[in-house]
Amino acid sequence: MKVLLINGPNLNLLGQRDKNFYGTASIEHILGEVQSMSAELGIQIDYYQSNHEGEIIDYIQTYSPQIDGIVINPGALTHYGLSLRDALLDAGLPVVEVHLSNIHGREDYRRNSVITSLSIGQVAGLGWKGYLYALEGLIEYLKS
Ligand code: DQA
(Lines give C-alpha, C1' and ligand atoms only; values in the text may rest on other atoms or scores of the structure.)
Protein backbone atom coordinates (compact mmCIF):
# COMPACT_ATOMS: atom_id res chain seq x y z
CA MET A 1 0.00 0.00 0.00
CA LYS A 2 1.32 3.40 -0.96
CA VAL A 3 0.16 6.74 0.46
CA LEU A 4 1.00 10.26 -0.60
CA LEU A 5 1.49 12.88 2.12
CA ILE A 6 1.15 16.41 0.78
CA ASN A 7 1.83 19.71 2.52
CA GLY A 8 0.75 22.97 0.96
CA PRO A 9 2.13 26.51 1.15
CA ASN A 10 4.31 27.59 4.08
CA LEU A 11 4.30 24.20 5.75
CA ASN A 12 8.00 23.82 4.89
CA LEU A 13 8.50 26.32 7.72
CA LEU A 14 6.88 24.27 10.47
CA GLY A 15 8.77 24.80 13.71
CA GLN A 16 9.47 28.40 12.74
CA ARG A 17 5.95 29.60 11.90
CA ASP A 18 3.48 30.90 14.47
CA LYS A 19 4.24 28.40 17.24
CA ASN A 20 1.01 29.07 19.11
CA PHE A 21 -0.96 27.57 16.23
CA TYR A 22 1.52 25.23 14.60
CA GLY A 23 3.78 24.07 17.45
CA THR A 24 7.54 23.76 17.65
CA ALA A 25 8.11 20.48 15.76
CA SER A 26 10.03 20.86 12.49
CA ILE A 27 8.84 19.22 9.30
CA GLU A 28 11.92 16.95 9.45
CA HIS A 29 10.85 15.71 12.88
CA ILE A 30 7.26 15.18 11.79
CA LEU A 31 8.35 13.27 8.68
CA GLY A 32 10.59 11.05 10.80
CA GLU A 33 7.60 10.14 12.97
CA VAL A 34 5.43 9.55 9.90
CA GLN A 35 8.11 7.30 8.40
CA SER A 36 8.35 5.26 11.64
CA MET A 37 4.60 4.79 11.70
CA SER A 38 4.54 3.83 8.02
CA ALA A 39 7.20 1.19 8.65
CA GLU A 40 5.16 -0.19 11.57
CA LEU A 41 2.05 -0.28 9.42
CA GLY A 42 3.99 -1.86 6.56
CA ILE A 43 3.08 0.84 4.06
CA GLN A 44 5.08 3.06 1.76
CA ILE A 45 4.83 6.83 2.05
CA ASP A 46 5.82 9.51 -0.44
CA TYR A 47 6.09 13.13 0.66
CA TYR A 48 5.59 16.28 -1.36
CA GLN A 49 5.48 19.92 -0.30
CA SER A 50 5.10 22.98 -2.47
CA ASN A 51 4.25 26.62 -2.01
CA HIS A 52 2.55 26.61 -5.44
CA GLU A 53 -0.92 25.25 -6.10
CA GLY A 54 -0.15 24.30 -9.72
CA GLU A 55 2.89 22.26 -8.69
CA ILE A 56 0.82 20.31 -6.18
CA ILE A 57 -1.77 19.65 -8.90
CA ASP A 58 0.95 18.46 -11.32
CA TYR A 59 2.25 16.11 -8.64
CA ILE A 60 -1.21 14.67 -7.90
CA GLN A 61 -1.93 14.19 -11.62
CA THR A 62 1.39 12.43 -12.17
CA TYR A 63 1.42 10.15 -9.14
CA SER A 64 -2.24 9.40 -8.37
CA PRO A 65 -2.30 6.34 -10.70
CA GLN A 66 0.45 4.77 -8.57
CA ILE A 67 -0.95 5.36 -5.08
CA ASP A 68 -3.82 4.19 -2.88
CA GLY A 69 -4.70 7.31 -0.91
CA ILE A 70 -3.73 10.84 0.08
CA VAL A 71 -3.17 12.63 3.39
CA ILE A 72 -3.08 16.36 2.77
CA ASN A 73 -2.61 19.55 4.72
CA PRO A 74 -3.40 22.09 2.02
CA GLY A 75 -2.37 25.08 4.19
CA ALA A 76 -4.23 28.23 3.15
CA LEU A 77 -5.33 26.51 -0.09
CA THR A 78 -7.80 24.72 2.18
CA HIS A 79 -9.97 27.79 2.13
CA TYR A 80 -9.98 28.75 -1.56
CA GLY A 81 -7.98 26.21 -3.61
CA LEU A 82 -10.66 25.09 -6.06
CA SER A 83 -8.12 23.87 -8.64
CA LEU A 84 -6.53 21.73 -5.96
CA ARG A 85 -9.98 20.48 -4.99
CA ASP A 86 -10.68 19.50 -8.60
CA ALA A 87 -7.35 17.67 -8.87
CA LEU A 88 -8.11 15.67 -5.72
CA LEU A 89 -11.59 14.89 -7.01
CA ASP A 90 -10.23 13.80 -10.40
CA ALA A 91 -7.66 11.56 -8.69
CA GLY A 92 -10.59 9.52 -7.35
CA LEU A 93 -8.63 8.40 -4.29
CA PRO A 94 -9.57 8.47 -0.61
CA VAL A 95 -8.33 11.70 0.96
CA VAL A 96 -7.84 12.59 4.63
CA GLU A 97 -7.46 16.30 5.38
CA VAL A 98 -5.24 17.37 8.26
CA HIS A 99 -4.59 20.67 10.01
CA LEU A 100 -2.28 21.31 12.92
CA SER A 101 -4.51 24.07 14.26
CA ASN A 102 -8.23 23.92 14.89
CA ILE A 103 -9.39 25.84 11.83
CA HIS A 104 -12.95 25.84 13.22
CA GLY A 105 -11.93 27.95 16.19
CA ARG A 106 -9.94 30.57 14.27
CA GLU A 107 -10.77 33.46 11.92
CA ASP A 108 -14.01 33.17 9.93
CA TYR A 109 -12.13 32.79 6.64
CA ARG A 110 -10.34 29.71 7.97
CA ARG A 111 -13.50 27.93 9.08
CA ASN A 112 -14.54 26.89 5.59
CA SER A 113 -12.62 24.17 3.79
CA VAL A 114 -13.22 23.48 0.08
CA ILE A 115 -11.54 20.08 0.62
CA THR A 116 -13.66 18.59 3.41
CA SER A 117 -16.65 17.59 1.29
CA LEU A 118 -14.51 15.26 -0.83
CA SER A 119 -12.51 13.89 2.10
CA ILE A 120 -13.31 10.75 4.03
CA GLY A 121 -12.42 12.72 7.16
CA GLN A 122 -10.62 15.66 8.69
CA VAL A 123 -8.21 15.92 11.63
CA ALA A 124 -7.81 19.44 13.00
CA GLY A 125 -6.37 21.00 16.12
CA LEU A 126 -4.30 18.07 17.37
CA GLY A 127 -0.92 19.46 16.34
CA TRP A 128 1.66 17.47 14.38
CA LYS A 129 0.33 14.16 15.72
CA GLY A 130 -2.68 14.86 13.55
CA TYR A 131 -0.58 13.62 10.61
CA LEU A 132 -0.24 10.24 12.37
CA TYR A 133 -3.95 10.08 13.19
CA ALA A 134 -4.83 10.99 9.60
CA LEU A 135 -2.50 8.29 8.24
CA GLU A 136 -3.89 5.69 10.64
CA GLY A 137 -7.45 6.61 9.65
CA LEU A 138 -6.65 6.40 5.96
CA ILE A 139 -5.00 2.98 6.32
CA GLU A 140 -7.94 1.62 8.30
CA TYR A 141 -10.28 2.93 5.62
CA LEU A 142 -8.20 1.33 2.85
CA LYS A 143 -8.09 -2.01 4.67
CA SER A 144 -11.82 -2.10 5.38
C1 DQA B 1 -3.28 25.05 8.45
C2 DQA B 1 -4.41 26.04 8.68
C3 DQA B 1 -4.52 27.03 7.52
O4 DQA B 1 -5.57 27.94 7.75
C5 DQA B 1 -3.22 27.79 7.38
O6 DQA B 1 -3.30 28.66 6.26
C7 DQA B 1 -2.04 26.91 7.29
C8 DQA B 1 -1.95 25.74 8.16
C9 DQA B 1 -3.05 24.13 9.68
O10 DQA B 1 -2.34 23.15 9.54
O11 DQA B 1 -3.55 24.43 10.77
O12 DQA B 1 -1.08 27.18 6.55
O13 DQA B 1 -3.61 24.20 7.36
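Here are the numbers for this structure:
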quantity	calculated
Partner lysines for residue 19 [C-alpha distance under 27 Å; skip if fewer than 8 residues away on the same chain]	129
Segment residue 140-residue 66, length gained on full extension (0.36 nm per residue, minus Cα span)	24.7 nm
Using θ = phi - 60° and Karplus 6.51 cos²θ - 1.76 cosθ + 1.60, couplings along the range 36-48 (whole Hz; Gly, Pro as x)	4, 5, 4, 4, 4, 7, x, 10, 9, 10, 10, 10, 9
Global form of the range 25-86, assessed from the alpha-carbon gyration tensor, a/c cut-off 1.5	oblate
Cα centroid of the range 16-44 to Cα centroid of the range 92-124, whole Å	18
Two-site FRET efficiency, residue 79 against residue 39, from Cβ-Cβ distance with R₀ of 41 Å, rounded to 0.05	0.75
3J(HN,Hα) from dihedral phi, the range 122-127, Karplus parametrisation 6.51/-1.76/1.60, rounded to Hz, x for glycine, proline	9, 10, 9, x, 9, x
Prolate/oblate/rounded call for the chain, Cα gyration tensor, a/c under 1.5 rounded	rounded
Under-5 Å amide H pairs with residue 99, H placed in peptide plane, nonlocal only	123, 124, 125
Virtual spin-label span in nm between residue 19 and residue 133, 7 Å along Cα→Cβ	2.3
Residue-normalised accessible area of the range 2-143, given per residue in Å² at a 1.4 Å probe	48
Using θ = phi - 60° and Karplus 6.51 cos²θ - 1.76 cosθ + 1.60, couplings along the range 77-93 (whole Hz; Gly, Pro as x)	4, 3, 8, 8, x, 5, 5, 5, 4, 4, 5, 5, 4, 5, 5, x, 10
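The values are calculated or read from the model by the stated rules, or taken from the named source; none is laboratory data. As the structure is a prediction and not an experimental result, all values here were calculated from the model. Don't worry about glycine lacking a Cβ; one is built from the backbone with ideal geometry, like all the others, and counts go over all protein chains shown. Heavy atoms of the whole protein, side chains included, go into the accessibility calculation; ligands, DNA and RNA do not. Shrake-Rupley method; radii C 1.70, N 1.55, O 1.52, S 1.80 Å.
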